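Notes follow the structure.
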């Protein structure tokens with residue numbers, strides 16, 4: 001998906017890629033006309049790279065990011081930044097000490113619907129934000145539920161399915177921070193663990209400007225949406241078992257976020273690339289950039305490349321990744337301790 005997004009970014013040239021799977025290296029390098037490696041350290045030694053993208057499972061992010069930084073190469077690291085705050089903070093420090101830029105791969109900020117929502121909020125169209133929420137209840141029941149592997153999320157640590165807190169909710173807590181322009185103040189919730197029976201996951205975060213963000217997820221149940229509640233999706237998306245759904249198809253249970261303020265409200269269908277505005281009894285569809293997923297990966301890289309060309313920090317920094325992880329892990333700790341957790345400031 002990154003490569004599909006990058007093909008139209010004129011500021012960059014993709015020259016190489018590395019993967020442990022030999023078949024994948026052969027297939028992808030041939031298709032995209034790039035040099036392929038099975039050892040990423042060999043790639044770092046032989047290629048003259050300005051940027052390397054860390055698209056490995058999260059458990060490997062710290063190690064791979066450190067190796068890239070030691071070669072003096074700028075890093076884009078996918079979400080979640082790491083599986084512990086210690087590792088995430090160490091990645092930020094390592095890149096700073098090696099003098100390279102670290103961009104946190106929060107691609108949702110570059111989905112056209114959220115870009116437009118951010119613009120409208122900045123213009124005061126919604127007034128003061130009250131509530132932002134996403135609810136995802138889908139799947140084929142617990143017997144057919146497929147967790148992400150231990151390769152993705154080690155046993156007994158934060159994990160679960162592809163539409164849970166750690167793998168999907170990490171997007172939304174960052175989006176909520178970004179839309180409000182405010183830091184988190186407190187969190188309570190519950191998250192699934194890798195290797196354990198899935199349960200309903202939830203998170204409520206209160207921001208310092210009094211806005212509230214809520215997430216409720218269960219991808220091991222059954223959908224209860226009515227047929228007319230679906231939408232024609234312009235962009236590709238991921239299903240409850242991790243399968244990729246192509247764009248231009250009917251989505252029975254489309255991902256969407258509701259944003260409510262004192263003057264109006266938004267309904268954001270992020271993969272469908274559709275945005276609706278509600279104001280004083282008036283309803284309208286808002287025009288957004290015609291670049292649905294996977295184009296957001298390209299828009300993300302374009303923004304990073306432009307900042308590198310003027311020797312500036314990326315729009316989404318490693319610290320943003322640390323803060324998103326902090327909110328998610330606080331939900332886990334909240335359930336274990338039975339209390340609302342205050343969020344300590346991270347700079």
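Residue 129 passes all but one of (1) over 20 Å from residue 269 (Cβ atoms); (2) more than 19 Å from the chain's Cα centre (by Cα); (3) crowded, with 16+ Cβ neighbours inside 10 Å; which number fails? The number of the failed condition is (1). Residue check: is residue 233 farther than 29 Å from residue 122 by Cβ, touching a strand residue (DSSP E or B) at 6+ places or on another chain (Cβ under 8 Å) and free of Cβ contacts under 8 Å to residues at least 60 places away in the same chain? No: the conditions fail for residue 233. Across the range 291-347, the qualifying residues are those that are in a helix (DSSP H, G or I) and without any contact (Cβ under 8 Å) to a residue 60 or more places away in the chain, and the one among them that is nearest to residue 53 (Cα to Cα) is 333. Within the range 288-301, identify whether any single residue is assigned by TED's automatic domain parsing to the domain that holds residue 203, surrounded by 14 or more Cβ atoms within 10 Å (Cβ to Cβ) and in contact with a strand residue (DSSP E or B) (Cβ under 6 Å, 6 or more places away or on another chain), and answer yes or no. Yes: one or more hits.
Just one of the listed residues (63, 78) is exposed (fewer than 15 other Cβ atoms within 10 Å of the Cβ) and under 27 Å from residue 167 (Cβ atoms), namely 63.
I want to confirm something. Restricting to the range 62-91 and keeping residues that are part of a helix (DSSP H, G or I) and in contact with a strand residue (DSSP E or B) (Cβ under 6 Å, 6 or more places away or on another chain), which single residue is farthest from residue 153 (Cα to Cα)?
Of the range 62-91, the ones part of a helix (DSSP H, G or I) are 62-70, 85-91.
Next, from what is left, pick out any that are in contact with a strand residue (DSSP E or B) (Cβ under 6 Å, 6 or more places away or on another chain): 64-65, 68.
Numbers: 64: 16, 65: 18, 68: 22 Å.
It comes out as 68.
Condition check: under 24 Å from residue 173 (Cβ atoms), in the same structural domain as residue 78 (by TED's automatic domain parsing) and crowded, with 16+ Cβ neighbours inside 10 Å. Does residue 236 satisfy that? Against the criterion (under 24 Å from residue 173 (Cβ atoms), in the same structural domain as residue 78 (by TED's automatic domain parsing) and crowded, with 16+ Cβ neighbours inside 10 Å), residue 236 does not qualify.
The values are calculated or read from the model by the stated rules, or taken from the named source; none is laboratory data. What you are looking at is a predicted structure, and each value in this text was computed from that prediction instead of being measured. Cβ sites come from the backbone with ideal geometry, for glycine too, and all protein chains shown count toward neighbours.
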